[in-house]
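Read-outs throughout are calculated quantities, based only on the coordinates presented, and are distinct from any laboratory measurement. Worth saying up front: this structure is predicted, and the values here are computed from it rather than measured. Neighbour counts are summed over all protein chains in view; Cβ atoms, including those assigned to glycine, are modelled from backbone coordinates with ideal geometry.
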Amino acid sequence: MSDKKITYFITGGGTGGHIYPAVAVLDKLLQDSDTKNIYYIGNPNNLEYSIISQKPVKFLGINIHGMPRKLNFALIKWAFQLLIAWIKCCYYIIKYKPDVAFGTGGYVSAPVLMACVTLGRTPYMMHDCDAQPGLVTRTLARYAKTVSLAFECAKNFIHNKNCIINGNPIREEFRTLTKSEARAALGIKNKLTLCIMGGSQGARSINNAVVGLLKRLSDAGVQVILQTGKKNFERVIEQLIKIYPEYEKDKNIIVKPYFDDMVTVLKASDIAVSRSGSLSLSEIEAAGIAAVLVPYPHAAADHQRKNAKFMVAKDAALYIDDNEINEKILSERLEELINSPDKLFRIQQNALSLAKFDATEKIIEQLKYIAATITQNS
């Protein structure tokens, strides 16, 4: 191993599934004595900017969005946008001279990793959190020094012999923050708490099903934390005011469009109603929560349903199809947990048993090995 300190490029953005694994690795690297500099490359108009701007690292902006799926003018415009972003990333590499790059997939990471391949001076590692990796991972994994995966079955889609099943990197606070500390931070009491979330974008079907239940849950002594998603917030509030106009005075209910600190929300909770993206499940497992999973029906290759069915098979979650969820069915699933402490505890423990708390450390070891190997060979 070389004594040289390491400069990292980290990239991933657009949705929480790409951002939060990158943030978990970034936070751990900030504590590492071998780290020299960290630069985060993302879209300044995306969620990643608001998160990374609170960290002591430099944010390097690129303008890139998701690829249109139809052959039309929008696709041509996107290709030009990708070209500009790639040129900008080549400039960033030449200027900041990273020793290694880490990408978590998605369209934001594509021009960064393409620039690494083009210039041939920065090796990179990729991580993909889904059972079926996305297009960027499938395309660029072949050039990666190492590909980190959350699922064994994801290997079937990757053309790279150096695939490692690490699990998803999660933030250190999942290991260190206590439930009582989390509740105190949110200003809520130490009693049964339900978290409802539809991912960083929100989920209309989940919101519709839960709005009519909020008063009933509160009357039953359950604290409810509802993340509506930014797009859905105003509509949910309009519905809620019609059903329960006094909700703002109810200390058992917290409704927000988005929580920057989902670690605290999840650690404060006993039960969650959630989509079943791989990262969400990793965090639910790490928090030891009994979840009612409602898979996003349009996820690529139906991977959210596969994720949810895996959890159910392990007796680590309950399940509702997106096209079946309504107030009555959601109420029935929640009552299964609220009215049966033994079942609630069993599912929580089964979820916790699936958690991989060392994924972040493993990824950092692999990143440092790549950087050291390149240094030795140069």
Paramagnetic label zone (point 7 Å from Cα along Cα-to-C-beta, Glu172; backbone N under 14 Å) in the stretch 261-278 = none
Two pseudo-spin positions, 7 Å from Cα along C-beta at Arg216 and at Val312, lie apart in nanometres by 2.2 nm
Could you compute the FRET efficiency for Tyr91 and Val117, with r as their C-beta to C-beta distance and R0 at 22 Å, rounded to 0.05?
-> 0.90
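With an 8 Å cut-off on Cα pairs and a minimum separation of 6 or more residues, tell me the relative contact order of the chain in percent.
On the way: 738 pairs, mean separation 59.9, N = 378.
Dividing the mean separation by the residue count of the chain yields 16 percent.
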Here the FRET efficiency for Ala79 versus Glu324, based on Cβ atoms and R0 = 35 Å and rounded to 0.05, is 0.30
Which of Phe80, Leu367, Ser50, positive extreme of dipole for the chain (C-beta unit charges) = Phe80
Of the peptides 52-59, 145-152, 84-91, how do they stack up when ordered by the mean number of other Cβ atoms within 10 Å, highest first?
-> 145-152, 84-91, 52-59
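Compute the Cα gyration tensor for the stretch 157-286, then decide on rounded, prolate or oblate, letting a ≥ b ≥ c be the square roots of its eigenvalues: rounded whenever a/c is under 1.5, prolate when a/b is larger than b/c in the other cases, and oblate in all that remain.
Oblate, because a/c is 1.5 or more while a/b does not exceed b/c.
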Taking a threshold of 29 Å on the Cα-Cα distance, which of the pairs Lys251/Lys343; Lys95/Lys230; Lys5/Lys362; Lys179/Lys249; Lys249/Lys309; Lys249/Lys306 fall above it?
-> Lys95/Lys230; Lys249/Lys309; Lys249/Lys306
With a/c under 1.5 counting as rounded, go ahead and sort the stretch 48-156 into rounded, prolate or oblate using the C-alpha gyration tensor (a ≥ b ≥ c being the square roots of the eigenvalues; past the cut-off, prolate if a/b is larger than b/c, else oblate).
-> rounded
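Working out 0.36 nm times the residue gap between Lys5 and Ser53, then minus their Cα-Cα distance, what length gain in nm do you get to one decimal?
My answer for the length gained is 14.9 nm.
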Simple spin-label model, 7 Å along Cα-to-Cβ: Ile243 to Ile374 in nm?
-> 5.2 nm
Reachable aspartates and glutamates from Lys4, Cα under 14 Å, same-chain residues fewer than 8 places away excluded?
-> Asp32, Asp34, Asp99
Dividing the helical contributions, -39500 (n - 2.57) per DSSP H run of n ≥ 4, by the residues of the chain yields a 222 nm value, nearest 500 deg cm²/dmol, of -13500 deg cm²/dmol
Using the number of other C-beta atoms within 10 angstrom as an exposure proxy, rank Arg171, Arg121 with the fewest first.
-> Arg121, Arg171
Calculate the length of the line joining the C-alpha centroid of the stretch 138-217 to that of the stretch 48-67, in whole Å.
-> 20 Å
Debye, to nearest 20: dipole size of the stretch 273-355, +1 on Lys, Arg Cβ, -1 on Asp, Glu Cβ | 220 debye
How far is helix 16-30 tilted, in degrees, relative to the longest principal axis of the Cα atoms in the chain, given as a value from 0 to 90 rounded to the nearest 10?
-> 60 degrees
Neighbour net charge for Asn190 - beta-carbon separation under 10 angstrom, K R +1, D E -1 = +4
Could you pull out every residue, at least 5 positions away or on a different chain, whose amide H is within less than 5 Å of the one on Gly105? Hs are placed 1.01 Å off N in the peptide plane, and Pro or chain starts have none.
-> His127
In what order do His303, His298, His127 fall by count of nearby beta-carbon atoms within 10 Å, going from fewest to most?
-> His298, His303, His127
Computed FRET efficiency, Cβ-Cβ of Lys155 and Glu332, R0 56 Å: what is it to the nearest 0.05?
-> 0.90
Sparse-neighbourhood loop sites, trypsin sites (Lys or Arg not before Pro) in the stretch 242-272 - DSSP loop, at most 12 other Cβ within 10 angstrom | Lys251
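Cut-off is 10 Å between beta-carbons; in what order do Cys153, Cys163 appear when sorted fewest neighbours first?
Listing Cys153, Cys163 from fewest to most nearby Cβ atoms yields Cys153, Cys163.
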Dipole magnitude of the chain about its Cα centre (Cβ charges: Lys, Arg +1; Asp, Glu -1), debye to nearest 20 | 1020 debye
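Determine, for each peptide in 222-229, 363-370, the mean count of other beta carbons within 10 angstrom over its residues, then list the peptides with the highest first.
Taking the mean over residues of other Cβ atoms within 10 Å, the ranking is 222-229, 363-370.
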When ranked by the protection proxy of mean other Cβ atoms within 10 Å per residue, highest first, what sequence do the peptides 189-196, 355-362, 9-16 form?
-> 9-16, 189-196, 355-362
